[in-house]
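Here is the structure we will look at, set down as structure tokens.
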């Protein structure tokens, strides 16, 4: 998805910070970001499937699914991945 102007401005502000950051801190942020990015969607999917398998529609697992869907939407708003 293409970045809007606000996201472009945030990415431009973040880029020099990461270039000038000590390598250990930058690597820690990078690894943490990618762990979240790689594992959040499988968690969302697993919660939805578990809800269907254990209780059916609109159970507490589905409520958790929706919470993590919101986190996915927020992750999509982030420009950190573009900078890393």
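Please compute the contact order of the chain in relative form: average sequence separation of alpha-carbon pairs under 8 Å and at least six residues apart, divided by the residue count, as a percent. Write out the running numbers ahead of the final one.
Working: 42 pairs, mean separation 37.1, N = 84.
Dividing the mean separation by the residue count of the chain yields 44 percent.
If R0 is 35 Å, what FRET efficiency do you get for residue 64 and residue 12 from their C-beta distance, rounded to 0.05?
Numbers: r = 36 Å, r/R0 = 1.02.
For R0 = 35 Å, the calculated efficiency reads 0.45.
Expected output is a single nm value to one decimal: the length gained when fully extending between residue 82 and residue 50, i.e. 0.36 nm times separation in residues minus the C-alpha distance. What is it? The partial results should precede the final answer.
Details: separation 32, 0.36 × 32 = 11.52 nm, distance 3.24 nm.
Computed gain between residue 82 and residue 50 is 8.3 nm.
Using only alpha carbons, build the gyration tensor for segment 5-78 and give me the equivalent ellipsoid semi-axes, biggest first, whole Å. Mind dumping the intermediate values first?
Details: eigenvalues 233, 42, 9 Å².
Semi-axes, largest first: 34, 14, 7 Å.
No lab work stands behind these numbers, since they all come straight from the coordinates. Only a predicted model underlies this, so the values are computations on that prediction, with no experimental measurement involved. No Cβ is skipped: glycine too gets one built from the backbone with ideal geometry, and neighbour counts run over all protein chains shown.
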